[in-house]
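Please read the structure below before turning to the comments.
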Amino acid sequence: MRLDKYLKVSRILKRRTISKELAANERVIVNGKAAKPSYEVKLNDEIEVIFGRRHLKVKVLAIKEVVRKNDADILYEVIDEWMDEE
């Protein structure tokens, strides 16, 4: 599954267009490298999303095309979450 779609389906980001924009601006890191929206997500990938000063790092546990909102968090495990210092 494409990175931009995975971020949307897992509810890490609300819209796929935002996923594409963040990835295009190198604010989505997969396994330590900036990733394009078309990157094919694999099990156990580590994805870091940079929302301004906030960072979220997750590990991919499952890949599903469709998932209910309440079950979206089974697709990933939060590894770390932090805010940059001002």
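Among the listed residues Ala62, Ala35, identify the single one that is out of contact with any Cys (no Cβ under 8 Å at 6 or more places or on another chain) and surrounded by 14 or more Cβ atoms within 10 Å (Cβ to Cβ).
Checking each option against the conditions leaves just Ala35.
Pick from segment 23-35 the residues that are touching a Leu at 6+ places or on another chain (Cβ under 9 Å) and at pLDDT 95 or above: which of them is farthest from Asp4 (Cα to Cα)?
Restricting to residues being touching a Leu at 6+ places or on another chain (Cβ under 9 Å) and at pLDDT 95 or above, the top hit is Val30.
Just a yes or no: is a residue in segment 5-26 among the hydrophobic types (A, V, I, L, M, F, W, C), free of Cβ contacts under 8 Å to residues at least 40 places away in the same chain, under 21 Å from Arg53 (Cα atoms) and loosely packed, with under 14 Cβ neighbours inside 10 Å? Break it down stepwise before answering.
Looking only at segment 5-26, we keep the residues that are among the hydrophobic types (A, V, I, L, M, F, W, C), and these are 7, 9, 12-13, 18, 22-24.
Next cut, free of Cβ contacts under 8 Å to residues at least 40 places away in the same chain only: 13, 18, 22-24.
From what's left, under 21 Å from Arg53 (Cα atoms): 13, 18, 22-24.
Narrowing the set further to residues that are loosely packed, with under 14 Cβ neighbours inside 10 Å leaves 24.
Within segment 5-26 (the criterion being among the hydrophobic types (A, V, I, L, M, F, W, C), free of Cβ contacts under 8 Å to residues at least 40 places away in the same chain, under 21 Å from Arg53 (Cα atoms) and loosely packed, with under 14 Cβ neighbours inside 10 Å), the answer is yes, since at least one residue qualifies.
Of the residues Arg15, Arg53, Arg68, the single one that is in contact with a strand residue (DSSP E or B) (Cβ under 6 Å, 6 or more places away or on another chain) and modelled with pLDDT under 95 is Arg53.
Within segment 71-86, take every residue that is within 20 Å of Ile29 (Cα to Cα) and of a type in the set (Val, Ile, Thr) and give me the one that is farthest from the chain's Cα centre (by Cα). Outline the logic, then answer.
Filtering segment 71-86 for residues within 20 Å of Ile29 (Cα to Cα) gives 73, 75-85.
Of the ones still in play, those that are also of a type in the set (Val, Ile, Thr) are 78-79.
Working: Val78: 10, Ile79: 12 Å.
Per the stated criteria, the residue is Ile79.
The values are calculated or read from the model by the stated rules, or taken from the named source; none is laboratory data. Because the structure is a prediction, the values reported are computed rather than measured. Glycine gets a Cβ as well: all are built from the backbone with ideal geometry, and neighbour counts include every protein chain shown.
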